[in-house]
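The values are calculated or read from the model by the stated rules, or taken from the named source; none is laboratory data. This one's a predicted model, so the numbers in the text were calculated from it and none came from an experiment. Here the Cβ positions follow ideal geometry from the backbone for every residue, glycine too, while neighbour counts run over all protein chains shown. Surface areas here come from the heavy atoms of the whole protein model, side chains and all, with no ligands, DNA or RNA. Shrake-Rupley method; radii C 1.70, N 1.55, O 1.52, S 1.80 Å.
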Amino acid sequence: STCTQLGYMIFACGMSNYTVSMFHLFNHACFKALLFLSAGSIIHALNDEQDLRRMGGLVQLLPFTYSMVLIGSLSLAGFPFLTGFYSKDLILELTLILQYSGLFSVHKTFVFWLGCLAVFFTAFYSFRLIFFTFINRTNIIRTVMIHVHESTSILLQFPLILLGFGSIFVGYIFRDIFVGVGSNF
């Protein structure tokens with residue numbers, strides 16, 4: 001996942017759009033930090049279990065963490081009007097502009113479709129994570145399942161809430177700083 005996002009940043013740098021690359025880095029920091037902190041919350045709730053195949057059925061037991069993972073995954077996948085959408089869509093849009101801004105070239109079209117393929121695979125593994133962790137039939141040992149609990153500590157919930165808001169609104173709020181004021185994007 002992180003390598004894919006770094007690929008988007010290098011992709012933007014390859015088109016000489018360094019501010020767009022920094023915009024994606026800035027957006028990526030919000031939703032990736034949310035996903036990592038949510039993963040830590042899940043691992044804590046499952047008594048340090050880290051095997052995704054042994055999880056499942058946690059949507060009722062960890063509803064707050066589920067909502068945070070859902071927000072982070074949707075933003076990572078580039079769901080419209082969330083933080084990840086603003087930078088990913090901009091990178092792909094700039095690729096199309098570059099494609100049609102001069103002589104037609106096969107490699108520019110190929111690069112655009114590689115970017116779209118990366119978006120598809122990112123969305124696929126993001127929702128695979130949600131399915132296996134929260135929706136699928138549970139494979140957790142009964143003794144662990146009895147003690148599954150949502151973290152009630154404000155020290156964990158406050159950063160999750162803050163990063164959740166960042167994963168929703170940061171792309172919209174900071175797009176003018178990175179893209180330019182008055183841009184149609």
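Brief remarks on what is shown
- Residue in the stretch 106-117 that is farther than 17 Å from A29 by Cβ and in contact (Cβ under 8 Å) with a residue 60 or more places away in the chain present: yes
- Filtering the stretch 71-89 to residues that are assigned to a helix (DSSP H, G or I) and in contact with a helix residue (DSSP H, G or I) (Cβ under 6 Å, 6 or more places away or on another chain) leaves I71, G72, S73, S75, L76, A77, T83, G84, Y86, S87.
- When the criteria are applied in full, F31 meets the requirement of being assigned to a helix (DSSP H, G or I) and surrounded by 19 or more Cβ atoms within 10 Å (Cβ to Cβ).
- Scanning the stretch 124-155 for residues that are modelled with pLDDT under 85 and in a helix (DSSP H, G or I) returns R142, T143, V144, M145, I146.
- Sole residue being free of Cβ contacts under 8 Å to residues at least 24 places away in the same chain and within 24 Å of F158 (Cα to Cα), chosen from Q99, Q60: Q60
- Residues in the stretch 12-25 that are surrounded by fewer than 22 Cβ atoms within 10 Å (Cβ to Cβ) and under 26 Å from R128 (Cβ atoms): L25 only.
- The stretch 131-158, residues that are closer than 19 Å to L52 by Cα and among the hydroxyl-bearing types (S, T, Y): T133, T138, T143
- Matching residues, the stretch 86-142, being exposed (fewer than 15 other Cβ atoms within 10 Å of the Cβ) and within 24 Å of G180 (Cα to Cα): E93, L96, I97, Y100, S101, G102
- In the stretch 143-167, residue surrounded by the fewest Cβ atoms within 10 Å (Cβ to Cβ) [restricted to those that are touching a residue at least 40 places away in the same chain (Cβ under 8 Å) and small (G, A, S)]: S151
- Residue list for the stretch 16-28, restricted to those being on the phi < 0 side of the Ramachandran plot and either without any contact (Cβ under 8 Å) to a residue 24 or more places away in the chain or not hydrophobic (A, V, I, L, M, F, W, C) (or both): N17, Y18, T19, S21, H24, L25, N27, H28
- All of F158, F174, F120 fail the test of being closer than 16 Å to N27 by Cα and either in contact with a helix residue (DSSP H, G or I) (Cβ under 8 Å, 6 or more places away or on another chain) or modelled with pLDDT of 90 or more (or both), apart from F174.
- Pair list, Cβ < 8 Å and 6+ apart or interchain, from the stretch 40-51 residues that are open to solvent by less than 40 Å² (accessible area, probe 1.4 Å) to residues that are modelled with pLDDT under 85 and among the polar types (S, T, N, Q): S41/S151; A45/S151
- With respect to the conditions (1) over 23 Å from F158 (Cα atoms); (2) at pLDDT 90 or above, S1 falls short on a single one, namely (2).
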